[in-house]
1. Kindly write out, for the range 220-235 in residue order, the coupling ³J(HN,Hα) from the Karplus curve 6.51 cos²θ - 1.76 cosθ + 1.60 (θ = phi - 60°), rounded to whole Hz, with x marking Gly and Pro.
2. Tabulate in residue order the Karplus-calculated ³J(HN,Hα) for the range 301-312, using 6.51 cos²θ - 1.76 cosθ + 1.60 with θ = phi - 60°, rounded to whole Hz; enter x for Gly and Pro.
3. To the nearest 20 Debye, how big is the dipole of the range 28-74 about its Cα centre, given +1 on the beta carbon of each Lys and Arg and -1 on that of each Asp and Glu?
4. Counting only C-alpha contacts under 8 Å and six or more residues apart, can you give the relative contact order of the chain as a whole percent?
5. Which cross-chain or sequence-distant (5 or more) residues have an amide H under 5 Å from the amide H of HIS176, H modelled 1.01 Å from N in plane?
6. Which lysines have a Cα less than 27 Å from the Cα of LYS267, not counting those fewer than 8 places away in the same chain?
7. For the chain, set up a Gaussian network in which alpha carbons nearer than 10 Å are linked by springs, and say which option among TYR147, TYR260, TYR37 fluctuates the most.
8. Which one, ILE230, MET38, THR271, projects farthest toward the positive side of the charge dipole computed for the chain from Cβ point charges (K/R +1, D/E -1)?
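Read the figures in this text as sums done on the coordinates, not as results from a lab. This is a predicted model, so every value here is computed, not measured. Note that we place each Cβ from the backbone using ideal geometry, even for glycine, and neighbour counts take in every protein chain shown.
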Amino acid sequence: MQKINKELLIIGSGPAGLGAAIYAYRSGINFSITDKYMAGGQVITTDIIDNYPGFDNDISGYDLMQNIISHVKKFGVEIIEFCEISEIKISKDFSKKIICSSENFQFSTKTIIFATGASPKKLGAEGEDEFIGKGISFCATCDGALYKDKEVAVIGGGNAAIEEALFLTKFASKVHVIHRRDELRASKVIQEKGFANKKMNFILSSEVIKFKGKNRIEEIVLKNKKTSEIKALKIDGVFEYVGINPNSQLLNGLVDFDEYGYILTDKNLQTSFPGIFAAGDVRNTPLKQVITAVADGAVAATSAEKYLSGIL
Ligand SMILES: Cc1cc2nc3c(=O)[nH]c(=O)nc-3n(C[C@H](O)[C@H](O)[C@H](O)COP(=O)(O)OP(=O)(O)OC[C@H]3O[C@@H](n4cnc5c(N)ncnc54)[C@H](O)[C@@H]3O)c2cc1C
């Protein structure tokens, strides 16, 4: 077990964590940054980002994050990847020593920026767990190419669902979009693109009640919420986009959450526990996007520096 002593530990290397790293470096803070997977965060799974300022050529999420990672590494910052922080302990004498542990590292730190983002929600329907990774996916960019000339279903009606369904039409022969309400939640512009695409078929007011198959998913069973009619749909793959859950569990009992488990912060992005800050999708933010996550990281790092200097 390697022991590392720092002024700041940034947990998570998505847009928020990387934004924090740039500002922490420039504030002269002695810090580490980790990620339980490779750096980049959830946005690396998306094909096109067309709302991040300065990139008007439809850059992919992966490329955008590689640019930001290079920027961070240019400062000589080492991102400790595949290092999942699994425990946070506060020292008894309250000397602001916080111990964060992963399998191979133990960090003692005075402050934390919690930038652990969010993970996709599951539907909770019968058979779902059995077919995750066997035809059920949460990432069209990662798995879409496997479905050339096949039929897939996308579950969800928000921007992410329709954007990813549009991406899947590059490969699949048919993309069924299944949404439990009678109208989509996606923005008008994205809806129009979806309705205009001949490969897309919209099945509204319907929910998936069962996933079926032998070794892989073969069929989903749908229930019409208005008529209660049950019908089966043969399918080669399913992509779920039904929302996200904050990755905040590690701070259970330590800081205040909102009713959905998002971390509550003040204007400096400090949580209810002094010295612990939260940034990006994991906190109760009104907009969950790359631009706001990066900006949160900057605010949190600046606040951490003020806290370390005794002026916050
Ligand atoms: C399909 C899709 C499309 C999207 N499209 C857009 C778009 O076009 N434009 C846009 O602006 N936004 C888009 N978003 C939203 C954007 O991805 C998020 O708002 C943004 O990634 C949030 O950044 P974050 O750093 O807060 O969290 P995340 O990106 O979730 O990063 C959190 C990081 O923390 C790590 N982590 C979690 N727990 C631990 C732990 N215990 N220890 C160590 N590391 C941990 C995770 O592995 C992850 O890398 C999209 C999201 C999805 C899923």
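1. 10, 9, 10, 10, 6, 6, 8, 9, 6, 5, 10, 9, 9, 10, 6, 8
2. Per residue, the Karplus-derived 3J(HN,Hα) values read 5, 5, 5, 4, 5, 5, 4, 5, 7, x, 10, 10 Hz.
3. Numbers: 3 positive and 6 negative charges, 81 e Å.
For the range 28-74, the charge dipole is close to 400 debye.
4. Working: 719 pairs, mean separation 66.7, N = 312.
Worked out over the chain, it gives 21 percent.
5. Correct list: VAL152, ALA153, VAL154, ASN201.
6. LYS6, LYS89, LYS96, LYS97, LYS110, LYS288, LYS306
7. In this elastic network of the chain, the residue with the biggest mean-square fluctuation among TYR147, TYR260, TYR37 is TYR260.
8. ILE230
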